[in-house]
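See below for the structure under consideration.
The values are calculated or read from the model by the stated rules, or taken from the named source; none is laboratory data. This structure is a prediction, so every number in the text was calculated from the model and none was measured. Quick reminder, even Gly has a Cβ in these numbers, built from the backbone with ideal geometry, and neighbours come from all protein chains shown. Calculation scope for accessible area: heavy atoms of the full protein, side chains included, ligands and nucleic acids excluded. Shrake-Rupley method; radii C 1.70, N 1.55, O 1.52, S 1.80 Å.
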Amino acid sequence: MTKINKSVLQRLWKAASQYRAYLALTMITMAITALTEVALPWGLGELLDQGFGQKGKNAPTGEIVQFPLWYVPVILIGIFLVRGVCTFMTSYLMSRISVNLLNDLRAKIFDKLLHVPVGFYHEESSGRIINTIMFEAQQIVEMIKVSITTLFRDSLTVMALMGFLIWKNWKLTLVTLILIPGLTLLVRGVSKRLRKLNHQSLEVSGELTQVIEESTRAHQVIRIFGGQRYEQARFEEKNKKLGSYTMKSTVAVSFTTPLTQILAALAVSMVIMLALAQARQDSSTVGDFVEFITAMMMLLTPLKRLADLNGPMQRGMAAAESVYGMIDAMPEVESGALLEQRVQGHLQFKDVGFTYPGQEQPALQNIALDILPGETVALVGMSGGGKTSLANLVPRFYDADQGSILLDGMALSGLSLKSLRQQIAMVSQHLVLFDDTIAANIAYGDEQPDKERIAHAVKAAHLTEVVNEMPEGLNTMVGDNGMRLSGGQRQRLAIARAIYKNAPILILDEATSALDSESERAVQAALDSLMAGRTTLVIAHRLSTIERASKIVVLAEGKIVEIGTHADLLAKGGAYANLYQLQF
């Protein structure tokens, strides 16, 4: 075989060894199964020599050996009964191990996805992540299941049958050994190509999953803009490419079968010739020949399975490297000082600079900003100016490259992420709702939801009428990302979630963008009430929504170009005044 990543193999074995009790019992059942393989040719040989009207080979001269005929079904049925029970137990136990192991792997990947930095999702597509959790993890488990069963049971079977063959006739057994070096060379030749093909196949599989995920999510856009042919072409390209790699892998694996059969035919023909020559010299009986040829033919099946093991092993190892690569992704650093009480919300940006990983142009440069507790600060400017980047530094979705950000005099970099984010509520224009009830979405993250707080949030977000019209009220399921609700209802539900959290710091990213005029007025009134006494960062494109902000910060190319109130900035006639004139 080609070189296998030993560290990955050790981790897989460590993961499987948690179920050592099941593994030990599985080994026992497989060992018994291997012994029954030897018992069958031995039983057939004895029945032939002792029961077909010939003189038993161990009988006194002239005496016909007789034995009860019920020996035949007892011996044969007994062998197959023991074999059947052990085979069932092996399959059942390996399935138990596989299911538990698959659950463990998926849980580890999912847990890591909940703790990786935000930048991880900019580098990995959702299709690739889904493919890793669902498909690649399954391939690893299938590899372990097949490899343990094949390596242990079939290796034991091969050793038992080879021992039996040597005991019965060592001369004929030497002939069968020509299979071993031939199969070894065959497997070695196929392995390298398989490993490369499997890596390529996994990459294309992830790309195909991404196409399917995007087409499902963007079904309305596809229909409106007539993108069916384009999406079909994307799908067919990836699908054909995946099929091509699958066929190449199949050809590489299947190539071993005819060569194995040719080697087997050569060995069998030579064995029969030598056995007939020995029989003519009265050095063996019919029973001896049947025993030997039966054991030899039974030897071919486990040998073939051992040879075919290379395919799933290479696929599994390629998948394991991908899965463990995701499991080993660096998580967010959770250490830091705990905020044991509600903060006042005094935010200070001191000469802050930030550049996204892999980018050369800084997203933020020399940001100096002092936000007092309870102030509402609006961030405005043209797209790409750095508004969202600045807001994302507060909950530490990213950490500043230069300078420092302080909260109540404490550096954000020295605070525990969990306790910091407990102080922040956020409403984004990119709405995220979960396929759960209205109540569950409002109280999301609270392990013990408060019904009174939920009711207050519903009222404050002007959702009372909407909830009352729902068939199951607060227990109504909202669908995938709230698709059973209108755009305005979804936006208000996200606002209700922020109201429920009642955090001292708010980040509002165009929180009223999807509302009609009437709903906007109602929700804006609720937001005004909510923002009272809280430090609020408002990212705004519609300047009419931030006229009453404590201060307005105008950003351009990652730098602060103006700071002031709405009236002051209009009077100044600078960048903000130009933006305002463009809109009105």
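Just the protein heavy atoms count here, and of the accessible area of the stretch 404-482 at 1.4 Å, carbon and sulfur take up 50 percent. A crude spin-label estimate for the pair Ser428 and Trp13, with each label 7 Å from Cα along the Cβ direction, gives 4.3 nm.
Please compute the net charge surrounding Ile32, taking Lys and Arg as +1 and Asp and Glu as -1 over other residues with Cβ under 15 Å from its Cβ. For residues surrounding Ile32, the net value is 0. Which entries in the list Lys145/Lys240; Lys387/Lys559; Lys451/Lys501; Lys196/Lys248; Lys14/Lys145; Lys108/Lys238 go over 21 Å, if you measure between the two C-alpha atoms of each? Beyond 21 Å between Cα atoms: Lys145/Lys240; Lys108/Lys238.
Projected label points at Glu123 and Lys6, each 7 Å from Cα along the beta carbon direction, are separated by 2.7 nanometres.
Heavy atoms of the protein chains alone define the surface here; on that basis the stretch 74-123 has 58 Å² accessible area per residue at 1.4 Å probe size.
Can you tell me the FRET efficiency between Leu406 and Ser95 if r is taken as the Cβ-Cβ distance and R0 is 45 Å, rounded to the nearest 0.05? Computed FRET efficiency for Leu406 and Ser95: 0.20.
Here's the picture: a label point sits 7 Å out from the Cα of Ala556 along the beta-carbon direction, and within the stretch 562-583 the residues with their amide nitrogen under 12 Å of it are 562-563, 573-580. The stretch between Glu332 and Thr464 holds 43.7 nm of extra length on full extension. This uses 0.36 nm per residue minus the Cα-Cα distance.
In terms of packing, defined here as the mean over residues of other Cβ atoms within 10 angstrom, the peptides 109-121, 363-375, 398-410 line up highest first as 363-375, 398-410, 109-121.
If R0 is 60 Å, the Cβ-Cβ spacing of Leu25 and Asn578 corresponds to a FRET efficiency of close to 0.20.
Relative to the Cα centre, the charge distribution of the stretch 374-450, modelled as +1 at Lys and Arg Cβ and -1 at Asp and Glu Cβ, gives a dipole magnitude of about 300 debye. Simple point charges give the picture: +1 on the Cβ of Lys and Arg, -1 on the Cβ of Asp and Glu, and for the stretch 91-149 a dipole about the Cα centre of about 180 debye. For Gly119, neighbours were defined as the other residues whose beta-carbon sits under 11 Å from its Cβ, and their charges (Lys and Arg +1, Asp and Glu -1) total -4. Probing with 1.4 Å while keeping every protein chain in the model, the per residue accessible area of the stretch 363-471 equals 48 Å². Summarising the label geometry, the points placed 7 Å from Cα in the beta-carbon direction at Met483 and Val116 lie 2.5 nm from one another.
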